[in-house]
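Structure first, commentary second.
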Amino acid sequence: MFEGSACERLTCPNDCSGRGRCLSSKALAKMQDPGVLRKASGCTSAEICNDVSCTVRNYGACSEVRAYDTPWEAEQFFGCLCDEGYAGYDCSIRTCARGDDPLTGSQNNDVQLLECHADFGTFTLSFRGETTALISVDASVTDVTNAINALSSLEGQQPKVAVSWTSGVDRACISSGNNIQVTFLQDFGDLSLLIPDGTNLGQTSGSDTPLITAQKVVTGDKESDSCSNHGTCDEAKGICQCLDDWMTSDGYGNAGTRGDCGYRSAGTTSTCPGEPACLGHGTCLGPPTYRCDCEAGRSGPDCSLIDCPTGKSWFSFPTAENSAHSEAECSDMGICNRDTGQCECASGFDGAACQYLTCQQDCHGNGECLSMATLAEKKVLNGDPTPYTYGSDPNNALTWDSDQVFGCHCSDNFEGHNCNLKSCPKGDDPKTQHQDNEIHQLSCTDSNDAGSFQLGFRGQFFSVDATSTAASLEIALNDLSTIEMVSVSYEDPNIYAGAPSLDPDALQLCRASEGLVNIEFMSPTGDVPEMSITNSVDIDGALTITTIQDGSKEYITCSGRGLCNHSSGLCDCFAGYASSDGQGNIGSRRDCGAKDPYAFDS
């Protein structure tokens, strides 16, 4: 599911079944059809000309697409761009012919207008990412027609387009401009724009500007329905299963070779398909179309197909600069079973719409499977809770995955991407010397002995009374799961239990003349976060906690002198090293943090 030297890439499911290209989200964005983005505005002089006089022309401006390079997954999520005739998250589905419903009338083919100003040179036209051979300015209507009809990106039977231009003109381009009209005969609906490239066009007269532009003059409004809405697609074979008396057409209601169920071979249509009409899951619109207006969640010519839930697409073309993941059936990571309306998700994905990238092995029962939004709230830095918000703004395209990508938040003593590894003890490296434990100093002044406060470390807090002692504070701190061992002592070495001539409040943490106690971290070692004070009540003087000595010791797995056995959670110490007390002496921590005196003396 993941690959790369650091397992940083989500791979293409089933290697696209050998029927597509495995691309990153960033690379997919570059494969967009610029004609889709330009079909409303056209490719005009406003885009092509870099200056008012159009002496510098940039046809590449009409081929620009929306970039997708800023979001974190742009080069980490890979998906399938399927070959023509295939679809699905792994390109395992065969697509079927699409066509116009012949029962709907008064509709138009898509018509586009090219205007070519030149008297020498060549140009090309691109449609759905495929480019024609070079077309000369001297080309005839037939030459231009043949060049466009040769594009495999056009659907249906020949002829696929009809070309005409200004009466009396015998060549594609003339100095004053020739209007070339291209009518699409076999591709229906609102089509992509033909993208011209006139980089190699020229004008003999230096005062004339060579230029070719494109725009729509009629937006196609015929249907481009799967199987012409008179059949259902067999997605295993890519063949339309036509309703009774319907068969393949020429795109105009006559018999043909499109394979689209657009020809009524016998009888007339006088009712909607299905028994009862629309199978009781839609409304029959009656004559002349007799189309079923299916209820929500149903589709197909007779409403027999059950739609699947939708979710944010995992892999799709951008809808704006650096913004993608529009709604898609099964989130583009599952196959819809149209008999049940249930998504059959790709491995590693879950949810009714395959909208969740799940935790592997359910974290082995050693952690919680949480969304990115929830994991952000549980962020810690050096053991201290440092919560973030991630995905709180639904309009932020960069955090689209906040409720879709899930990961394991491991319980204490477990680690790994799926919490299957037992953690080993950490400690100070016994070979490094002249290092210090961290020491925090608590200062508290209170004259009435009635106050209290809460003291915390790495998110865990407990109550402390003004009359508490160093000994009771040490016990309370060592009870915290975030602390292994601390030593608490009075700053004044003359203060200790049983010392002669002590003030009545000498052992208290909070004294009328200021109490000072030092808290030394024996484990964890290293530079730990400073303790914090909250909820002070009735402390009538100063109350502070400060770091008076930064910890400089290591706190690393097996003290850097052994290897962690993640199956047992125990350190396998290197020769000469043994379990320590956290301070370099022999002890019971099993952390390889002490030199073995017997090994070194031998």
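The values are calculated or read from the model by the stated rules, or taken from the named source; none is laboratory data. Bear in mind the structure is a predicted one, so any value in this text is a computation, not a measurement. Note: ideal-geometry Cβ built from the backbone for every residue, glycine included; neighbour counts use all protein chains shown. What goes into the accessible areas is simple: the full protein's heavy atoms, side chains included, and nothing from ligands, DNA or RNA. Shrake-Rupley method; radii C 1.70, N 1.55, O 1.52, S 1.80 Å.
Here the Karplus curve 6.51 cos²θ - 1.76 cosθ + 1.60, taken at θ = phi - 60°, turns the phi angles of the range 245-255 into couplings of 6, 10, 8, 4, 10, 9, x, 10, x, 9, 4 Hz, with x standing for Gly and Pro.
Modelled this way, with points 7 Å down the Cα-to-C-beta line, the labels at Ser472 and Asn322 are 5.7 nm from one another. Sorted largest first, the spans of the alpha carbon positions of the range 387-426 along the three principal axes are 43, 18, 12 Å. Applying 1/(1 + (r/R0)^6) with R0 = 60 Å to the Cβ-Cβ distance of Ser532 and Asn108 gives a FRET efficiency near 0.25. Once you list every other residue whose beta carbon is under 13 Å from the beta carbon of Thr469, what net charge do they have if Lys and Arg are +1 and Asp and Glu are -1? Computed value for this residue: -3. Binning all Cα-Cα separations of the range 431-516 at 10 Å, short to long from zero, yields these whole-percent fractions: 16, 46, 28, 9, 1. Just add up the charged neighbours of Gly105: K/R +1, D/E -1, any other residue whose Cβ is under 12 Å from the Cβ of Gly105. Overall, the nearby charge balance is -3. Taking one quarter of the surface of the convex hull spanned by the alpha-carbon atoms of the chain gives a direction-averaged projected area of 43.5 nm². Model label sites at Asp540 and Ala61, defined 7 Å from Cα along the beta-carbon direction, differ in position by 7.9 nm. Net length available on complete extension from Ala150 to Ser481 is 111.8 nm, with 0.36 nm assigned per residue and the Cα-Cα distance removed.
Pull out a ≥ b ≥ c, the square roots of the eigenvalues of the alpha-carbon gyration tensor of the range 283-395, then state rounded if a/c is under 1.5, prolate if not and a/b is larger than b/c, and oblate in the remaining case. Prolate, since a/c reaches 1.5 and a/b exceeds b/c.
Please figure out what share of the DSSP beta bridges in the chain is antiparallel and state it in percent, rounded to the nearest 5. For the chain, the DSSP antiparallel bridge percentage is about 95. Taking a quarter of the surface of the Cα convex hull of the range 99-205 gives a mean projected area of 7.1 nm².
Full extension of the chain between Thr44 and Ser175 yields a length gain of 45.4 nm, computed as 0.36 nm times the residue separation minus the alpha carbon distance. Using the 1.4 Å probe convention, the accessible area of the chain works out to 48 Å² per residue with neighbouring protein chains retained. Taking amide H as placed 1.01 Å from N in the peptide plane, Phe2 has its amide H under 5 Å from the amide H of Thr11, each at least 5 places away in sequence or on another chain.
The listed peptides 529-539, 225-235, 85-95, 561-571, ordered by packing as a protection proxy, come out as 225-235, 85-95, 561-571, 529-539 (highest mean of other Cβ atoms within 10 Å first). For the range 444-602, a Kirkwood hydrodynamic radius built from all Cα pairs, placed in the Stokes-Einstein relation at 10 °C and 1.306 mPa s, yields a translational diffusion coefficient of 90 µm²/s. The packing ranking, built from the mean of other Cβ atoms within 10 Å per residue, places the peptides 303-315, 341-353, 484-496 in the order 303-315, 341-353, 484-496, highest first. For the range 169-210, the residues whose backbone nitrogen is under 11 Å from a point 7 Å from the Cα of Leu134, taken along Cα to Cβ, are 200-201.
Measuring between their Cα centroids, the range 23-88 and the range 518-536 lie 55 Å from each other. Given R0 = 25 Å, the distance between the Cβ atoms of Ala236 and Leu81 translates into a calculated FRET efficiency of 0.70. Working from the Cα coordinates of the range 189-282, the gyration tensor eigenvalues give, after taking √(5λ), semi-axes of 45, 14, 13 Å in decreasing order. Estimated at 0.36 nm per residue, the fully extended path between Cys54 and Asp307 surpasses their Cα-Cα distance by 86.0 nm. Listed values for the range 558-571 are Karplus-derived 3J(HN,Hα) couplings in whole Hz (6.51 cos²θ - 1.76 cosθ + 1.60, θ = phi - 60°), namely 6, 6, x, 10, x, 10, 7, 8, 6, 6, 9, x, 10, 7, and x replaces Gly and Pro. Average 1/r across all pairs of distinct alpha carbons in the range 386-487, invert it, and you get the Kirkwood radius: 18.5 Å. Backbone amide hydrogens, once placed in the peptide plane, bring Leu570 within less than 5 Å of Asn565, excluding anything fewer than 5 places away on its chain.
In the chain, Cα pairs under 8 Å separated by at least six residues give a relative contact order of 10 percent.
For the chain, with all protein chains in place and a probe radius of 1.4 Å, 47% of the accessible heavy-atom surface sits on carbon or sulfur. Annotation for the range 460-498 versus the range 550-565: alpha-carbon center distance of 26 Å. Computed over the alpha-carbon pairs of the range 156-221, the distance histogram in 10 Å steps reads 17, 43, 31, 9, 1 percent, short to long. For the range 314-330, the Karplus equation 6.51 cos²θ - 1.76 cosθ + 1.60, evaluated at θ = phi - 60°, returns couplings of 7, 8, 7, 5, x, 9, 7, 4, 6, 9, 9, 6, 6, 4, 8, 4, 6 Hz by residue, with Gly and Pro reported as x. Cross-link pairs exceeding 21 Å in C-alpha to C-alpha distance, out of Lys39/Lys222; Lys422/Lys553; Lys379/Lys553; Lys160/Lys237, comprise Lys422/Lys553; Lys379/Lys553; Lys160/Lys237. For Phe317, the shell of other residues with beta-carbons less than 15 Å away shows a net charge of +1, using +1 for Lys and Arg and -1 for Asp and Glu.
When the alpha carbon coordinates of the range 532-602 are projected onto the principal axes, the ranges are 60, 31, 19 Å, largest first. Among the lysines, which have Cα under 21 Å from the Cα of Lys312 when same-chain residues fewer than 8 positions away are ignored? Result set, ordered by chain and number: Lys26, Lys30.
If you take the beta carbon distance between Arg21 and Ser347 as r and set R0 to 22 Å, what does 1/(1 + (r/R0)^6) give as a FRET efficiency, to the nearest 0.05? Efficiency computed from Cβ-Cβ geometry: 0.65.
No disulfide-compatible partner, judged by a Cβ distance under 4.7 Å, exists for the following cysteines of the chain: Cys7.
The eigenvalues of the Cα gyration tensor, multiplied by 5 and square-rooted, give the range 8-137 an equivalent ellipsoid with semi-axes of 33, 24, 14 Å from largest to smallest.
Could you give the distance between the Cα centres of the range 344-392 and the range 219-265, to the whole Å? Cα centres, the range 344-392 to the range 219-265: 45 Å.
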